[in-house]
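Working notes, beginning with the structure itself.
The values are calculated or read from the model by the stated rules, or taken from the named source; none is laboratory data. Note that the structure is predicted; figures quoted are calculated from it, not measured. Here the Cβ is made from the backbone with ideal geometry for all residues, glycine too, and neighbour counts use every protein chain on show. Ligands, DNA and RNA are stripped out before the accessible areas are found, and what is left, the full protein with its side chains, is counted by its heavy atoms. Shrake-Rupley method; radii C 1.70, N 1.55, O 1.52, S 1.80 Å.
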Amino acid sequence: MQKFLTRMVLAVILACGCIITEAQASGNTPSRGVIRVKLQPEVALKVGSAPRMQAHGVVTTGVTPLDRAARDVKAISIKPMLPYAAKFARQRAKYGLDRWYVVSFDESVSPDEARKIFAATAGVEKSETVMPMSLKEGNGNFRKLDRSKVAKASAQMPFNDPFLPNQWHYQNFGTIPYSVEGADINLFEAWKSVTGSKDVLVAIIDGGVDYTHEDLAPNMYVNTAELNGKEGVDDDGNGYVDDIYGWNFCTNEPKIYPHSHGTHVAGTVAAVNNNGIGVAGVAGGDGSNCSGVKMISCQVFDTRSGTGEGDFAAALVYAAEKGATIAQCSWGWPTAGYYEQAVLDAIDYFTAEAGSKNMTGGLCIFAAGNEGKTGDFYPAAYEKVIGVTAMTSELTPASYSCNGPWADIVAPGGLMDYGEAQGVLSTLPNNEYGYNEGTSMATPHVAGVAALVLSKYGSPTFVNETLRTQL
């Protein structure tokens with residue numbers, strides 16, 4: 001095992017320590033009309049899990065100090081951050097997740113003023129504004145692949161995916177302009193040992209993944225309990241109704257809307273290999289029915305708005321409870337030192353409570369950011385996650401990549417200053433393919449490698465700290 005993991009580590013840790021994050025907070029302006037509050041245990045018990053909606057112009061919780069604060073901010077509703085699920089109630093309570101509430105109020109009230117009012121309210125342990133996340137693409141954005149100009153895969157390739165030779169980030173032979181042989185993750189060598197197992201589940205916490213894509217569909221998670229259950233009923237009892245292909249945390253519904261960024265990172269993790277179509281994925285299998293890891297879409301960015309209005313904390317909790325052991329997270333806040341406690345609490349929960357027969361606990365893998373700065377950029381800087389920075393096809397640190405002493409690993413993120421060929425090639429919605437650059441593109445390489453390790457060596461006694469140490 002050590003020999004294999006060492007080879008995997010050499011394949012990914014190539015230069016310096018920088019991380020990729022494409023979905024990042026936009027500026028320092030908090031979302032209007034919403035804050036989160038964490039109630040003290042005895043107060044949370046009184047409020048309960050039922051949503052408190054506005055009636056006759058007043059939100060009533062039965063707790064006088066909370067009701068007074070609600071009136072002061074013209075609250076519309078106070079509801080739990082997570083939908084109630086009896087089978088997870090005790091587990092969530094260990095991490096205080098049952099005590100987080102979302103307060104929605106009149107947008108004429110300043111979010112910071114609302115935060116201060118609740119922070120000074122008896123029974124409130126923590127009050128925080130919510131900074132919206134936004135995607136930060138590379139300078140060239142997504143560039144669709146012109147299939148007519150791409151040579152087909154040769155017999156020298158390990159799989160027959162026609163665009164695999166263009167994925168220098170997997171195995172770089174130095175044949176494309178502005179590239180250096182060996183500036184890759186040495187994936188062809190790893191594939192000799194393992195290509196991905198279907199009992200490993202990776203959560204794509206990002207824009208919605210196009211789960212009907214020709215090169216992704218066989219490796220997408222399907223909730224058979226909901227698929228074969230009754231429409232409008234929470235058949236698996238997790239608090240989410242009809243979540244067949246995942247959940248949209250932007251619209252709070254099961255409908256997943258395909259998103260370029262989410263579909264692109266998913267393709268790097270596990271596009272289907274050896275199917276004679278499109279690109280290859282790091283843990284995409286070998287073309288046989290039992291190979292290739294599974295991915296679940298937890299949508300926190302919506303293609304129609306372009307901003308991150310989803311609940312990132314809830315998405316992490318959902319992923320853990322669905323059985324994902326790896327969380328692929330190409331997002332974060334661009335302001336050094338800034339974080340939200342609810343998101344960190346959710347990371348703690350995923351790290352400790354996510355689990356399957358492949359690993360005890362889970363591992364969140366975060367992009368460092370594209371601000372090109374040194375500093376503590378969260379969540380990538382959080383000690384419980386793996387922080388990923390980016391390198392170019394020339395084996396140099398990408399200029400856009402944030403970094404700091406917390407950065408754990410560097411992976412190919414590409415740099416398209418001289419053309420799209422030096423970017424990372426992956427899937428796009430509607431059976432398209434294309435290039436992009438960024439720490440967002442580097443991070444799924446690491447998530448894919450982590451999934452390969454679990455596919456090869458995972459067991460109920462394999463602990464997440466072992467995987468973290470090896471990476």
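Take region 45-63 and flag every residue that is surrounded by 12 or more Cβ atoms within 10 Å (Cβ to Cβ) and in a loop (DSSP other than H, G, I, E, B).
The answer is GLY48, SER49, PRO51, THR60, THR61, VAL63.
What is the residue count in region 440-471 for residues that are farther than 15 Å from LEU201 by Cα, open to solvent by 10 Å² or more (accessible area, probe 1.4 Å) and part of a helix (DSSP H, G or I)?
Count: 5.
Could you go through region 172-182 and let me know if any residue there is surrounded by 20 or more Cβ atoms within 10 Å (Cβ to Cβ), within 24 Å of the chain's Cα centre (by Cα), in contact (Cβ under 8 Å) with a residue 12 or more places away in the chain and within 30 Å of TYR457 (Cα to Cα).
No, region 172-182 contains no residue that is surrounded by 20 or more Cβ atoms within 10 Å (Cβ to Cβ), within 24 Å of the chain's Cα centre (by Cα), in contact (Cβ under 8 Å) with a residue 12 or more places away in the chain and within 30 Å of TYR457 (Cα to Cα).
Just to check your reading of the model, which residue among GLU181, GLU214, GLU137 is modelled with pLDDT under 95, in a loop (DSSP other than H, G, I, E, B) and not basic (Lys, Arg)?
GLU137
When region 290-322 is examined, which residues are found to be small (Gly, Ala, Ser), assigned to a loop (DSSP other than H, G, I, E, B) and more than 20 Å from ASN252 (Cα to Cα)?
GLY292
Just give me the residues in region 331-353 being modelled with pLDDT of 95 or more and among the small types (Gly, Ala, Ser), in sequence order.
Answer for region 331-353, where residues must be modelled with pLDDT of 95 or more and among the small types (Gly, Ala, Ser): ALA342, ALA346, ALA352.
Step by step: first the residues of region 64-83, then only those that are open to solvent by less than 20 Å² (accessible area, probe 1.4 Å) and outside any helix (DSSP H, G or I), then the one that is farthest from ASP112 (Cα to Cα). Which residue is that?
Per the criteria, the residue is LEU82.
How do the pairs read when you match residues in region 36-49 that are in contact (Cβ under 8 Å) with a residue 40 or more places away in the chain and over 15 Å from ALA70 (Cβ atoms) with residues anywhere that are open to solvent by less than 20 Å² (accessible area, probe 1.4 Å) and part of a helix (DSSP H, G or I), using Cβ under 8 Å and keeping only pairs 6 or more apart or on different chains?
Cβ pairs passing all conditions: LYS38/ALA342.
Could you say whether any residue in region 98-109 is open to solvent by 60 Å² or more (accessible area, probe 1.4 Å), under 29 Å from the mean Cα position of the chain (by Cα) and under 30 Å from ASP236 (Cβ atoms)?
Within region 98-109, one or more residues are open to solvent by 60 Å² or more (accessible area, probe 1.4 Å), under 29 Å from the mean Cα position of the chain (by Cα) and under 30 Å from ASP236 (Cβ atoms).
Return only the number of the condition from (1) aliphatic (A, V, I, L, M); (2) under 23 Å from GLY413 (Cβ atoms); (3) open to solvent by 10 Å² or more (accessible area, probe 1.4 Å) that ILE277 does not satisfy.
(2)
Yes/no per residue for (1) of a type in the set (Ser, Thr, Tyr); (2) free of Cβ contacts under 8 Å to residues at least 60 places away in the same chain; (3) more than 20 Å from GLY281 (Cβ to Cβ):
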| site | (1), (2), (3) |
| --- | --- |
| ASN370 | no, no, yes |
| TYR378 | yes, yes, yes |
| THR392 | yes, no, yes |
| MET416 | no, no, yes |
| GLY419 | no, no, yes |
| TYR435 | yes, no, no |
| HIS445 | no, no, no |
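Which is open to solvent by less than 60 Å² (accessible area, probe 1.4 Å) and under 30 Å from ARG90 (Cα atoms), of VAL209, VAL150, VAL194, VAL200?
Only one candidate qualifies: VAL200.
If you check THR335 against the conditions, is it in contact with a strand residue (DSSP E or B) (Cβ under 8 Å, 6 or more places away or on another chain), at negative phi, outside any loop (DSSP other than H, G, I, E, B) and not small (Gly, Ala, Ser)?
No; evaluated as a whole, the condition is false for this residue.
Which residues, counting only those in region 340-369, are assigned to a loop (DSSP other than H, G, I, E, B) and either open to solvent by less than 30 Å² (accessible area, probe 1.4 Å) or within 11 Å of VAL317 (Cα to Cα) (or both)?
Result: GLU340, ALA354, ASN358, GLY361, GLY362, ALA368, GLY369.
Any idea which of ALA69, ALA114, ALA93, ALA75 is small (Gly, Ala, Ser), closer than 29 Å to TRP333 by Cα and touching a helix residue (DSSP H, G or I) at 6+ places or on another chain (Cβ under 6 Å)?
ALA69
Give the residues of region 430-451 that are among the polar types (S, T, N, Q) and out of contact with any Gly (no Cβ under 6 Å at 6 or more places or on another chain), sorted by residue number.
Listed by number, the residues that qualify are ASN430, ASN431, SER440, THR443.
Could you list all residues from region 241-251 that are free of Cβ contacts under 8 Å to residues at least 40 places away in the same chain and over 18 Å from LYS294 (Cβ atoms)?
Scanning region 241-251 gives VAL241, ASP242.
With respect to GLY372, is the statement that it is open to solvent by 20 Å² or more (accessible area, probe 1.4 Å) and either farther than 20 Å from ILE326 by Cα or not in a loop (DSSP other than H, G, I, E, B) (or both) true?
The answer is yes for GLY372.
So which residues in region 51-72 are free of Cβ contacts under 8 Å to residues at least 12 places away in the same chain and either at negative phi or touching a Lys or Arg at 6+ places or on another chain (Cβ under 9 Å) (or both), if there are any at all?
ALA55, GLY57, THR60, THR64, ASP67
May I ask you to list the residues in region 380-421 that are polar (S, T, N, Q) and within 16 Å of HIS169 (Cα to Cα)?
THR389, THR392, SER393, THR396
Could you tell me which residue of region 385-399 is surrounded by the fewest Cβ atoms within 10 Å (Cβ to Cβ), considering only residues that are in contact with a strand residue (DSSP E or B) (Cβ under 7 Å, 6 or more places away or on another chain) and not small (Gly, Ala, Ser)?
Going through the qualifying residues, I end up with PRO397.
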